[in-house]
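Asks: There's a structure below that I have some questions on.
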Amino acid sequence: MYHFVIVGVLVILMTILTYMGIDAVGLARHMNPVSASAQAVFVDQMWHWEIWVISFLFSLIVVPLVYSLIFFRQKKGEMKDGEHVEGNTQLEIAWTIMPLIIVVIFAYFGAYTLGEERRVDPNAMVINVKAQQFTWTFEYPQYGFFSSELHLPVDQQVVLKMESADVIHSFWVPEFRLKQDVVPGRTTEYRITPDLEGSYKVRCAELCGTSHAYMENPLVVTSQADYDAWVQEQIAIAAASKTPEGQGKVLATSNGCVGCHSADGTKLTGPTWFDLFGSEVPLADGTTTTADEAYLAESIKDPNVKVVEGFPANVMPAFSLTDEEISNIIAYIKTLK
Amino acid sequence: MKNIKPFWRGILFLVVFGAVGYGLGLGLDFLMVKSLRFSGPVPSVFALLFAFTAFFLGVFGFRGITRGLVWQVLGTLVGGLLVAGIRAIMGLPAFGDFFFTEPSWVFGALTGAISFLFGVGVLDDWMKWTRGIDTPDEHEEHYHGWEKYFAVSLDHKVIGVQYTVTALLLISIGGLFALIFRSELAESQLQFLTTNLNLFSQNGPQLYNSLMSLHGMIMIVSILLGTAGFINYVVPLLLGAQDMAFPRLNAFSYWVSVPAAVLLLMSLFLGGFDTGWTGYPPLSARAPVGMQMFFLGVFVAGWSSILGSLNVLVTVVRMRAKGMTAWRLPILVWAAVATGLIALTATQLIGLSFQLVMFQRLFGMGFFDPAKGGNPVLFQHLFWFYSHPAVYVFVLPGLGVISELLPVFVRKPLFGYKWIAMSSLGIALVGFVVWAHHMFTSGMNEYLRIPFMYSTLLVAIPTGVKFFSWVATMWKGKISTPTPMLFVLGGIVVFLMGGLSGPPNAIVSTDLQLHDTYFIVGHFHDTIFGGFVFPFFAAIYYWFPKATGRRMNETLGKIHFWLMTPAFFVMTFGMMYVGLLGMRRRIVDYDPALHLDATHFVVTIAAFLIALSVLIFFFNFFNSIKNGEKAEGNVWNSRSPEWQVPSPMPVHNYEKPLEVVGEPYGYGSGDDGYIKFVEPAVNAHK
């Protein structure tokens, strides 16, 4: 009998130790990184309960296992068998029913926290999200502009209406604790209430091709005042962009070009647009070509005809752009010097 | 040439013919694209096929597996050229960027796989039957010693060893892939898989995706073959049977997996694929030709699983020894039955889902193409309807090994035998109604997530029964810890880690954060190492003397265990840790701002230590075949029937029929054992 008492005490001690160990690396009370949405609170609460149960069940098995290994070892040279105990039906029933109860309680709390995460605010602000290989584009429909950065006001529920232009992507902001796939052919919804100002990143969580790792766009949560100022700024930019190059910049953002082609010389998935126009471009087949209007137009329409050295073919998707739109984008590229 | 040992002759042939194949591929490629692509796909594929075939030619000569591989190469070329010819007549381009066009490669790969089966000779008997020629049930021994493992054999013990060694080979290849991309992950930014790299028509990140995806599927196939290995070897012995119910089908099940493995490897060289092992469309509908080789490889390997499990089920139903009633079956047999039920009924779904994508690519059928009214989420339902139960196919046999070996080394009966047996069936049954928990973020009906959360958590109950029963088995036993027992204990603890890291993924609210992060990667490696890798090693250490007549070195076995286990814990804890800090899965590079570099570096070191421990195992394995200590009598003092006869196991298993007279795990009861051999009845002839 005293074996059971010792093991019982050890299980309790071990549970506390395991919990403290997980807490020591900062992962017991909440997940990492910092929580930045009202919904994240429920996720972290659920996680905290899970860590307690995990600590207990881990100890419940490992402690008697290790205890047996130490105290019920066969001594050297001993050839005797153990006690002939074939089982105990009452025990088996007990350890079937008890976990069943735990499981049902847990599933209930899981459903409860999910319900809280999905709670709808009728005044939620709508933002349209377009995902494509390998960038995100955000459309603010009530103001009519596009942005490659997602700006959100703090403490205001937003609902993102998300569509994909090509393959499956997944919208994830680790600080928000929520994830939702973006599926071609349908609109999926992501509802969030940011509650901590700061700069984060929208990261694609569903493998979407070569540059999946780099499908990250900036996300900024600001005060309502700063958010309003940013919106006014974007509206002004959109209004000023009636020129061909201005239109070209809008098109380059709304079509996601800027996700792969930088405007400042940085090497992303595709060649940079900085100082591109008029330059000599080395091609994969060893020749070079001059980046004139004809070359740029051809490369936008059919990117695989002339592949730039150091960049793989068959990466850039097809776009349905009119000739005028293409010439506007080229006009914008010309300005990048 | 006579003096060179077969193995070294194989290596010589591999190098020479590999170079010949490379040159041939380079020349053909030059004819097509008018430039020399030294690291291109065509020379690589030709080099692979030639080198692989030539190795076996050198070792074994032109028979058995070599003939199969040669036929596969020829079959691939003939099938590919046939389609190229038809395309030429139709006015379509006959050849493409990878020498053949995609339809040519697919048809060629299929004819190649079928040609292999004819070439290796596994269809010979059936072909004879179609012509009315009778064949003996017991094959005469054409080959002796190690040679019998390189050709078709109908002996379940030979087939079991063939499965096991193939699985170990594939584990090495899959592990090698892991080490390559794990090294890339040791630091943020790209180190050697850079965008400037160009290998097999892939740049660094593309190659990363191919290797990562193939690591997944090659490991899965190796697990299926590994479990089939010990089930094939052991189950007929435990039942007291002479062989499996259908010996020819058994050989077929094994041999069909060899061309499947070749197809999977070909996918790496034919442009690779960047979808992960799940192959979700629309991404998989756009990936290079390698995608099709991957789909076909899995499709062909699926036959191995389906037919193999059919064979196991019939064997258990029909070929048990006298007195072996349901509650006196060895517990591993119960696990094999539960596994067989899943594999027999679910495998079709992964084959179907991959076939649909193949047809979408080849014939423009828009099953999963929204532009044609298709639905990408439908694929995920079809795929996971197999691929979730599949993880129970991976772990149930391993858990069966744990339950089978534990009583031997504890010297006590298995606690709650009936409950453990039924828990395997319970897991198999519940496993069929949980698949959508892989899809909580997929955009499927959001209310359906709740019932799938409940059903998934229910799996914890039969699994819990196993854990509690194992602990109760050990309680007040007389425990000894030779190498097999160490791996059993390691398996229990590691599988417990896998089991306990599961519920946070099953519970929708926390899964919405954890899904597609490295936490899942850690969780999955825990379940598979605990449920398969550790028990698989336990099974090899335990039954090695039965198969070879010699024991594996105990010291090296313990070094293997004590190196692998701590390294493994560090690896998976590291994986879960970075996952909780925001590391996504399947990415070639991570944001340095997340501060994951140090942990990733440690995880990489741990992965290399695991590889080192497996190398020690390989040395022990091959060295012990020749130099191991001779195994005398009942090595582990087990009650099981296979240990009551000499080692290595006689060709026709038991000379006298056996009869069950006691409990399978009646240790400490002082009875006369589990079985006795029946003296043949006195001849009644006059």
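The values are calculated or read from the model by the stated rules, or taken from the named source; none is laboratory data. Quick caveat: nothing in here was measured; it's all calculated off a predicted structure. Glycine also receives a Cβ, built like all others from the backbone with ideal geometry; neighbour counts cover every protein chain displayed. Heavy atoms of the whole protein, side chains included, go into the accessibility calculation; ligands, DNA and RNA do not. Shrake-Rupley method; radii C 1.70, N 1.55, O 1.52, S 1.80 Å.
Asks: So how far apart, in nm, are the two label points at B:Q348 and A:L17 if each is 7 Å from Cα heading toward Cβ?
Replies: Roughly 5.2 nm, to one decimal.
Asks: What is the sum of charges around B:D369, taking Lys and Arg as +1, Asp and Glu as -1, for the other residues whose C-beta is under 15 Å from the C-beta of B:D369?
Replies: On the way: positive: A:R186, B:R286, B:R361, B:K372; negative: A:D166.
The answer is +3.
Asks: Bin all alpha-carbon pair distances of chain A at 10 Å intervals from 0 and give each bin's fraction as a whole percent.
Replies: 5, 19, 23, 17, 13, 10, 8, 5, 2, 0
Asks: Using heavy-atom solvent-accessible surface (probe 1.4 Å) with all chains present, what is the largest-first order of B:T548, B:T275, A:T89?
Replies: Details: B:T548 45, B:T275 5, A:T89 90 Å².
So, going from the largest accessible area down, we get A:T89, B:T548, B:T275.
Asks: If ligands, DNA and RNA are left out, what is the accessible area of A:V250 with a 1.4 Å probe, given in Å² to the nearest 10?
Replies: 50
Asks: So, one more: Using heavy-atom solvent-accessible surface (probe 1.4 Å) with all chains present, what is the largest-first order of B:M32, B:M266?
Replies: On the way: B:M32 70, B:M266 5 Å².
Listed by decreasing accessible area, they come as B:M32, B:M266.
Asks: Next question. First select every other residue whose beta carbon is under 13 angstrom from the beta carbon of A:R191; then total the charges, Lys and Arg +1, Asp and Glu -1.
Replies: Values: positive: A:R118, A:R119, A:K161, A:R177, A:K179; negative: A:E116, A:E117, A:D121, A:E189, B:E446.
Once all neighbours under 13 Å are counted, the net charge is 0.
Asks: What do you get for chymotrypsin sites (Phe, Trp or Tyr not before Pro) in the stretch B:576-636 restricted to DSSP loop and a cutoff of at most 14 other Cβ within 10 Å of the site's Cβ?
Replies: On the way: sites: B:Y577, B:Y590, B:F601, B:F608, B:F617, B:F618, B:F619, B:F621, B:F622, B:W636; in loops: B:Y590, B:W636.
Sparse-neighbourhood loop chymotrypsin sites (Phe, Trp or Tyr not before Pro): none present.
Asks: Can I ask one more? Ratio of Rg to Rh for the stretch A:61-126, alpha carbon only, Kirkwood? Present the calculation step by step, with values, prior to reporting the outcome.
Replies: Details: Rg = 23.9 Å, Rh = 17.2 Å.
Value, to two decimals: 1.39.
Asks: Stick to Cα atoms and the Kirkwood definition of Rh, then tell me Rg/Rh for the protein assembly as shown. Walk me through the numbers before you get to the answer.
Replies: On the way: Rg = 30.4 Å, Rh = 30.7 Å.
Reported Rg/Rh (Cα atoms, Kirkwood Rh): 0.99.
Asks: How charged is the neighbourhood of A:F72? Take every other residue with its Cβ under 14 Å from the Cβ of A:F72, and add Lys/Arg as +1 and Asp/Glu as -1. Write down the numbers at each step before the final one.
Replies: On the way: positive: A:R73, A:K75, A:K80, B:R411, B:K412, B:K476, B:K478; negative: A:E78, A:D81, A:E83.
So the surrounding residues net to +4.
Asks: Continuing with the same structure: Taking the Cα atoms of the stretch B:132-215, report the difference between the largest and smallest coordinate on each principal axis, in whole Å and largest first.
Replies: The Cα atoms of the stretch B:132-215 stretch 63, 28, 17 Å along the principal axes, largest first.
Asks: Where only protein heavy atoms count, and the probe is 1.4 Å, what is the accessible area per residue for chain B in Å²?
Replies: Values: 24290 Å² over 686 residues.
With the other protein chains kept in place, chain B gives 35 Å² per residue.
Asks: With the other protein chains left in place, how much accessible area per residue, in square angstrom, belongs to the stretch A:141-186 at a 1.4 angstrom probe?
Replies: On the way: 1240 Å² over 46 residues.
Each residue of the stretch A:141-186 exposes 27 Å² on average to a 1.4 Å probe.
Asks: Considering only Cα-Cα distances, which of the following residue pairs are longer than 20 Å: A:K76/B:K630; B:K128/B:K157; A:K249/A:K334; B:K546/B:K656? Please report the intermediate quantities before stating the final value.
Replies: Details: A:K76/B:K630 22 Å; B:K128/B:K157 25 Å; A:K249/A:K334 11 Å; B:K546/B:K656 18 Å.
Correct reply: A:K76/B:K630; B:K128/B:K157.
Asks: What is the gain in length, in nm to one decimal, between A:A239 and A:D155 on full extension, counting 0.36 nm per residue of separation less the C-alpha to C-alpha distance? Could the numbers behind the result be given before it?
Replies: Values: separation 84, 0.36 × 84 = 30.24 nm, distance 2.88 nm.
This chain segment gains 27.4 nm when fully extended.
Asks: Checking the a/c ratio against 1.5 first, then a/b against b/c, what shape does the Cα gyration tensor give for the stretch B:1-141? Don't skip to the answer; put the middle values down first.
Replies: Details: a/c = 4.17, a/b = 1.29, b/c = 3.24.
Here the stretch B:1-141 falls in the oblate category.
Asks: As an exercise, identify the trypsin sites (Lys or Arg not before Pro) in the stretch B:22-97 lying in DSSP coil whose Cβ has no more than 15 other Cβ atoms within 10 Å. Display every interim value, and only then the final one.
Replies: Details: sites: B:K34, B:R37, B:R63, B:R67, B:R87; in loops: B:K34, B:R37, B:R63.
Here the trypsin sites (Lys or Arg not before Pro) that fit, given the DSSP loop and packing criteria, are B:K34.
Asks: Using only alpha carbon pairs under 8 Å that are at least six residues apart, calculate the relative contact order of the stretch A:125-238 and give it in whole percent.
Replies: The normalised contact order for the stretch A:125-238 reaches 29 percent.
Asks: Over the stretch A:241-335, what lengths in whole Å, largest first, do the semi-axes of the equivalent ellipsoid take, defined as the square roots of 5 times the eigenvalues of the alpha-carbon gyration tensor?
Replies: Numbers: eigenvalues 83, 37, 34 Å².
In descending order, the three semi-axes are 20, 14, 13 Å.
Asks: Using only the Cα atoms of the stretch B:511-560, each taken as one equal point scatterer with no solvent, compute I(q) by the Debye sum, divide by I(0), and report log10 of the ratio at q = 0.15 Å⁻¹.
Replies: The Cα Debye sum returns log10 ratios of -0.56.
Asks: Take the alpha carbon atoms of the stretch B:153-329, find their radius of gyration, then divide it by 2.2 N^0.38 Å using N residues; give the quotient. Each step should come with its number before you reach the end.
Replies: On the way: Rg = 19.6 Å, N = 177, 2.2 N^0.38 = 15.7 Å.
Here the Cα radius of gyration is 1.24 times the empirical estimate.
Asks: Can you give the average number of partner chain beta-carbon atoms within 10 Å of each beta-carbon in peptide A:91-99, as a whole number? Numbers along the way, then the final one.
Replies: Details: counts 6, 11, 1, 1, 10, 8, 1, 3, 10.
The shielding value for this peptide is 6.
Asks: For chain B, which whole percent of the accessible surface, found with a 1.4 angstrom probe, sits on carbon and sulfur atoms? Please report the intermediate quantities before stating the final value.
Replies: Values: 16760 of 24290 Å².
That share works out to 69 percent.
Asks: Another question, if that's okay. Taking only the alpha-carbon atoms of the stretch A:1-128, what semi-axes of the equivalent ellipsoid follow from 5 times the gyration tensor eigenvalues under a square root, in whole Å, largest first?
Replies: Numbers: eigenvalues 374, 70, 21 Å².
They are 43, 19, 10 Å, listed largest first.
Asks: Compute the long axis of helix A:2-24 from its Cα atoms, compare it with the longest principal axis of the Cα atoms of chain A, and write down the angle in degrees, 0 to 90, nearest 10.
Replies: 20
Asks: With N denoting the number of residues in the stretch B:463-534, provide Rg(C-alpha) divided by 2.2 N^0.38 Å, to two decimal places. Mind dumping the intermediate values first?
Replies: Numbers: Rg = 14.6 Å, N = 72, 2.2 N^0.38 = 11.2 Å.
Working it through for the stretch B:463-534, the quotient is 1.30.
Asks: I've got another one for you. Computed FRET efficiency, Cβ-Cβ of B:A186 and B:E679, R0 60 Å: what is it to the nearest 0.05? Let's see the in-between values first.
Replies: Numbers: r = 65 Å, r/R0 = 1.08.
With R0 = 60 Å, the Cβ-Cβ based efficiency is 0.40.
Asks: Largest first, how would B:Y542, B:Y143 line up by accessible area (1.4 Å probe)?
Replies: Correct descending sequence by accessible area is B:Y143, B:Y542.
Asks: Loop-only check: which trypsin sites (Lys or Arg not before Pro) in the stretch B:531-593 are DSSP coil with at most 15 other Cβ within 10 angstrom? Write down the numbers at each step before the final one.
Replies: Working: sites: B:K546, B:R550, B:R551, B:K558, B:R584, B:R585, B:R586; in loops: B:R551, B:R585, B:R586.
Those that pass, being in a loop and sparsely packed, number zero.
Asks: Additional query: P(r) for the stretch A:125-238: what percent of alpha-carbon pairs falls in each 10 Å bin, starting at zero?
Replies: All Cα pairs considered, the percentages come to 15, 50, 30, 5.
Asks: OK, next. Using only protein heavy atoms and a 1.4 angstrom probe, determine the accessible area buried between B and A, summed over both sides, in Å² to the nearest 100. Intermediate values should be presented prior to the final figure.
Replies: Values: alone 28280 and 19450 Å², together 39770 Å².
That pair hides around 8000 Å² of surface in total.
Asks: Taking each pair of distinct Cα atoms in the stretch B:489-623 once, what is the resulting Kirkwood hydrodynamic radius in Å? Each step should come with its number before you reach the end.
Replies: Numbers: mean 1/r = 0.0622 Å⁻¹.
Hydrodynamic radius (Kirkwood, Cα only) of the stretch B:489-623 equals 16.1 Å.
Asks: Return the calculated 222 nm mean residue ellipticity for the protein assembly as shown, to the nearest 500 deg cm²/dmol, obtained by summing -39500 (n - 2.57) across DSSP H runs with n ≥ 4 and dividing by the residue count.
Replies: Values: 30 runs with 578 residues, N = 1023.
That comes out to -19500 deg cm²/dmol.
Asks: Counting GluC sites (Glu not before Pro) as exposed when in a DSSP loop with at most 14 other beta carbons within 10 Å, what is the longest stretch of chain B free of them?
Replies: On the way: sites that count: B:E138, B:E140, B:E141, B:E629, B:E632, B:E655.
Longest stretch, sites excluded: B:142-628.
Asks: Also, quick follow-up: Of the listed pairs A:K75/B:K478; A:K306/B:K34; A:K306/B:K372; B:K5/B:K626; A:K130/A:K201; A:K161/A:K301, which have alpha-carbon separations greater than 19 Å here? Please report the intermediate quantities before stating the final value.
Replies: Details: A:K75/B:K478 8 Å; A:K306/B:K34 17 Å; A:K306/B:K372 31 Å; B:K5/B:K626 15 Å; A:K130/A:K201 16 Å; A:K161/A:K301 28 Å.
Where the Cα-Cα span goes over 19 Å, the pairs concerned are A:K306/B:K372; A:K161/A:K301.
Asks: Dividing the convex hull volume of the alpha carbon atoms of the stretch B:255-379 by its residue count, what do you get in Å³ per residue? Intermediate values should be presented prior to the final figure.
Replies: Values: hull volume 15.3 nm³, N = 125.
Considering the Cα atoms of the stretch B:255-379, their hull volume per residue is 122 Å³.
Asks: Quick one: what are the phi-derived ³J(HN,Hα) couplings along the stretch B:206-219, Karplus 6.51/-1.76/1.60 with θ = phi - 60°, whole Hz, x for glycine and proline?
Replies: With coefficients 6.51, -1.76 and 1.60, one gets 5, 5, 4, 4, 5, 5, 5, 5, 6, 3, x, 6, 5, 5 Hz.
Asks: Additional query: Which ³J(HN,Hα) values, rounded to whole Hz and listed in residue order, are derived for the stretch A:238-249 from phi using the Karplus coefficients 6.51, -1.76 and 1.60 in 6.51 cos²θ - 1.76 cosθ + 1.60 with θ = phi - 60°, glycine and proline given as x?
Replies: With the stated coefficients, the stretch A:238-249 comes to 4, 5, 6, 8, 7, 5, x, 5, x, 4, x, 5 Hz.
Asks: Once R0 is set to 51 Å, what does the formula 1/(1 + (r/R0)^6) return for the Cβ-Cβ distance between A:S320 and A:R119, expressed as a FRET efficiency to the nearest 0.05?
Replies: Values: r = 39 Å, r/R0 = 0.76.
E between A:S320 and A:R119, to the nearest 0.05, is 0.85.
Asks: Could you give the nm distance between label points at A:F274 and B:F38, where each point is 7 Å from its Cα heading toward the beta carbon?
Replies: Output for this residue pair reads 3.3 nm.
Asks: Given a Förster distance of 51 angstrom, what is the FRET efficiency for A:M98 paired with B:I625, based on the Cβ-Cβ distance and rounded to 0.05? Please report the intermediate quantities before stating the final value.
Replies: Numbers: r = 48 Å, r/R0 = 0.94.
Calculated value: 0.60.
Asks: Still on this structure, I have one more. Kindly work out what percent of the DSSP beta bridges joining two residues of the protein assembly as shown are antiparallel, to the nearest 5.
Replies: Values: 40 of 53 bridges.
Antiparallel bridges: around 75 percent, rounded to the nearest 5.
Asks: Which whole-number percentage describes the relative contact order of the stretch B:109-192, with Cα contacts under 8 Å and a sequence gap of 6 or more?
Replies: On the way: 23 pairs, mean separation 12.9, N = 84.
Contact order relative to length: 15 percent.
Asks: Considering only DSSP beta bridges whose two residues both sit in the stretch A:125-238, what percent are antiparallel, to the nearest 5?
Replies: Values: 26 of 37 bridges.
The answer is about 70 percent antiparallel.
Asks: Here's something else I'd like to know. If you average over every viewing direction, what projected area does the convex hull of the Cα atoms of chain B give, in nm²? Provide the component values of the computation, followed by the final result.
Replies: Numbers: hull surface 134.2 nm².
Averaged projected area of chain B's Cα convex hull equals 33.5 nm².
Asks: How long are the semi-axes of the ellipsoid equivalent to the stretch A:201-272, from square roots of 5 times the Cα gyration tensor eigenvalues, in whole Å, largest first?
Replies: Details: eigenvalues 124, 76, 18 Å².
Working through the eigenvalues yields semi-axes of 25, 19, 10 Å.
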